[in-house]
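Colleague: What follows is a structure written as C-alpha cells; I'll ask about it next.
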Amino acid sequence: MIGVSRRLALGGGLAALAGACAAREPDGLASLAARRGVRFGAAAEPQTLENDRAFAALVAAECAGLTPENHLKWNVLRPRPRAFDFGPADRIMAFAERNRLAVHGHALLWHEANPAWLSHELRPVAAEEILREHIDGVVGRYAGRIASWDVVNEAVERNDRRPDGLRRSRWLETLGPDYIAMAFEAAHQADPAAVLLLSDYGLEYDDERWMVEKRGTMLTLLAGLRRRGVPIHGLGIQGHLLGDRRPAFGRDFRAFLGEVARLGLEIHITELDVNDQNTPGDVRQRDETVAAIYRAFLDCVLDEPAVKAVTTWGLTDRYTSKTDMFPRADGQPVRPLPFDRALARKPAWQAMAQAFNR
Ligand code: 9MR
C-alpha cells in the first residue's frame, strides 16, 4: 500500500510532468504561451503578493514564471558588507513554489540598486572576492530553485565611448572587461543547471540609430563570450517599449534575433511593458495603441524559435514602477500592462493572447 505522503508525492510529480497547476487559467497567458513552448511570467514584489489576494490569484492564474522585481538586487540582499538579508527574497520564493512558478533571478550584477558600501569596498584587490562571494552566496542558496538568472544587467553603454562598447561601471573599472566572464563562471559553478543570461535594454527598434549600433555591440560581445567558452546560455531582451512611437520591430530586429540564436543562445524577453507616458488620446485610444505595440513586438519575437520566455514588468496597472518613473503630464494613471487597475483584461491582454495563438 502506498502511504499518504508517497501518494501526494506521486500526484505532485504527475501534475508537474503535465505542467499542470490547479490555479492556472486554461485560457490565461501562461497556458496560451506554453502551447508554443514559451514560458509567460511577470515581475512582482513579495508585499503585493502577500497583501493583495486578488492580485496573487491573478498571478497564479495567468503566469508560469515570476521575477522578483527588486528583492534579489544588492541594495536589498546586501545592506551591510559580508552579510546577506534573504528575508524578502525567501518570501517571494515561497509564493512561487506554492504556485509552481518558475523563478527568474534579477540581477546578480548591475550598476544600479547597489548599497553605498559597495563602491567603497570595490578595489582591485578585493573586487573579485566580493563578486564571487555574492554570486556564490545568492545563486548557491537558491540552486535548483531559480531556473534562470540575469547574471549581468545592462553591461553595454555606447555613450561611455569605450571601443568595446562596455559600460564604465564600478565592476568594469575595478576588474576590467573580464568581470563579465567571471560572473558567469561563478554563477555556473554555484548552479550548473541554471540558464544564465546577459540582459539589456535598447535592442528592439529598427529605426533608432543607437539601438542599431547597440545590437551590433551586443552581438560582438556575445560571440566573444561564446568563443571563449564562457558559460552563457542566453540573451535577455528587456522590452521596455515606447507608447508614443511607431512599433518598428521589423527586418533588422528579426535578423538580430536570428543571429543570437545562431550563436546557440536562448532569448528571453525579461521586462516587457509599454511606456504610455506620452501616448495621445483618451483611455480607449491609448489602450488600443499600447495593444498594437504589444502585438507587433510579440509577432516579431515569437517568430524566432530561440525565444523561450516572455515576462512582463508587472502584470497589472495597479502595480507598475512606471507610475513613479514615467507619470503622465495630464495626471491620468499610466496603463502599461495587460491588466487594468481593477485586474480586468485590457486590449493589451487580447493582443498578447492573439500573438501567442497565432
Ligand atoms: O521596477 C523597478 C523599480 O521598482 C526599482 O525602483 C528600480 C531600481 O531598483 O528598478 C526597476 O526595475 C528596473 C530593472 O531592475 C532593470 N531594468 C529597468 C527597470 C525599470 O524599468
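The values are calculated or read from the model by the stated rules, or taken from the named source; none is laboratory data. Just so you know, these numbers come straight off a predicted model, no measurement behind them. Heads up, the Cβs are rebuilt from the backbone with ideal geometry, glycines too, and the neighbour counts pull from every protein chain shown. To get the accessible areas, we keep the full protein, side chains included, count just its heavy atoms, and leave off ligands, DNA and RNA. Shrake-Rupley method; radii C 1.70, N 1.55, O 1.52, S 1.80 Å.
Colleague: Would you point out the residue of the range 279-312, among those that are away from the ligand (no atom under 16 Å from the Cβ) and among the polar types (S, T, N, Q), that is most open to solvent (accessible area, probe 1.4 Å)?
Modeller: Looking at the filtered set, the residue picked out is GLN285.
Colleague: Please enumerate the residues belonging to the range 69-117 that are farther than 18 Å from GLN47 by Cβ, more than 16 Å from the ligand (Cβ to nearest atom) and not in a strand (DSSP E or B).
Modeller: ARG80, PRO81, ARG82, ALA83, PHE84, ARG100, TRP117
For (1) in a helix (DSSP H, G or I); (2) touching a residue at least 60 places away in the same chain (Cβ under 8 Å); (3) out of contact with any Phe, Trp or Tyr (no Cβ under 9 Å at 6 or more places or on another chain), each residue gets a yes or a no:
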position	(1), (2), (3)
GLU204	no, yes, no
THR217	yes, yes, yes
LEU221	yes, yes, yes
GLY224	yes, no, yes
GLY229	no, no, yes
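Colleague: For PHE86, indicate whether it is in contact (Cβ under 8 Å) with a residue 40 or more places away in the chain and more than 25 Å from PHE184 (Cα to Cα). First the steps, then the outcome.
Modeller: Details: in contact (Cβ under 8 Å) with a residue 40 or more places away in the chain: yes; more than 25 Å from PHE184 (Cα to Cα): no.
No; evaluated as a whole, the condition is false for this residue.
Colleague: Assess whether ALA187 counts as being in a helix (DSSP H, G or I), open to solvent by less than 70 Å² (accessible area, probe 1.4 Å) and small (Gly, Ala, Ser).
Modeller: It is true that ALA187 is in a helix (DSSP H, G or I), open to solvent by less than 70 Å² (accessible area, probe 1.4 Å) and small (Gly, Ala, Ser).
Colleague: Among residues belonging to the range 132-152 that are part of a helix (DSSP H, G or I) and open to solvent by 10 Å² or more (accessible area, probe 1.4 Å), point out the one that is farthest from TRP171 (Cα to Cα).
Modeller: ARG141
Condition check ((1) on the phi > 0 side of the Ramachandran plot; (2) within 16 Å of the ligand (Cβ to nearest atom)) across all residues:
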position	(1), (2)
ARG145	no, no
VAL151	no, yes
GLU157	no, yes
ARG161	yes, no
LEU203	no, yes
ASP206	no, no
ARG227	no, no
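Colleague: Does ASP324 satisfy being open to solvent by 70 Å² or more (accessible area, probe 1.4 Å) and away from the ligand (no atom under 16 Å from the Cβ)?
Modeller: Considered against the rule, which asks whether it is open to solvent by 70 Å² or more (accessible area, probe 1.4 Å) and away from the ligand (no atom under 16 Å from the Cβ), ASP324 comes out as no.
Colleague: Take the residues in the range 15-50 that are at pLDDT below 95 and part of a helix (DSSP H, G or I), then tell me which one is nearest to the ligand (Cβ to nearest atom).
Modeller: ALA16
Colleague: Which residues, taken from the range 241-260, are open to solvent by 30 Å² or more (accessible area, probe 1.4 Å) and more than 16 Å from the ligand (Cβ to nearest atom)?
Modeller: Listed by number, the residues that qualify are ASP244, ARG245, ARG246, PRO247, ARG251, ASP252, ARG254, ALA255, GLU259.
Colleague: Now a separate question. Give the residue, chosen from LEU315, LEU343, that is within 22 Å of HIS104 (Cα to Cα), in contact (Cβ under 8 Å) with a residue 40 or more places away in the chain and open to solvent by less than 40 Å² (accessible area, probe 1.4 Å). Outline the logic, then answer.
Modeller: On the way: LEU343 fails: within 22 Å of HIS104 (Cα to Cα).
After applying the criteria, what remains is LEU315.
Colleague: Could you count how many residues in the range 329-358 are within 16 Å of the ligand (Cβ to nearest atom) and not β-branched (Val, Ile, Thr)?
Modeller: Taking the range 329-358 and keeping what is within 16 Å of the ligand (Cβ to nearest atom), we get 334-337.
Next cut, not β-branched (Val, Ile, Thr) only: 335-337.
Qualifying residue count, the range 329-358: 3.
Colleague: Follow-up question, since we're still on this one. Answer yes or no: is there a residue in the range 112-123 that is under 16 Å from the mean Cα position of the chain (by Cα), open to solvent by 50 Å² or more (accessible area, probe 1.4 Å) and of a type outside the set (Gly, Ala, Ser).
Modeller: Yes; the residues of the range 112-123 include at least one that is under 16 Å from the mean Cα position of the chain (by Cα), open to solvent by 50 Å² or more (accessible area, probe 1.4 Å) and of a type outside the set (Gly, Ala, Ser).
Colleague: Now for a different question. SER199 is checked against (1) assigned to a strand (DSSP E or B); (2) small (Gly, Ala, Ser); (3) over 27 Å from LEU337 (Cα atoms) and fails just one. What number does that condition carry?
Modeller: (3)
Colleague: Given the criteria open to solvent by less than 20 Å² (accessible area, probe 1.4 Å) and in a helix (DSSP H, G or I), does ALA56 qualify?
Modeller: Judged against the criteria, ALA56 is a match.
Colleague: If GLY264 satisfies all but one of (1) open to solvent by 40 Å² or more (accessible area, probe 1.4 Å); (2) away from the ligand (no atom under 16 Å from the Cβ); (3) on the phi < 0 side of the Ramachandran plot, what's the number of the condition it fails?
Modeller: (3)
Colleague: Scan the range 266-289 for residues that are over 21 Å from LEU58 (Cα atoms), touching a residue at least 40 places away in the same chain (Cβ under 8 Å) and among the β-branched types (Val, Ile, Thr) and jot them down.
Modeller: ILE267, VAL283, THR289, listed by residue number.
Colleague: Continuing with this model, one more query. Exactly one condition in (1) out of contact with any strand residue (DSSP E or B) (no Cβ under 7 Å at 6 or more places or on another chain); (2) modelled with pLDDT of 95 or more; (3) away from the ligand (no atom under 16 Å from the Cβ) is false for THR217; which is it?
Modeller: Single failed check for THR217: (1).
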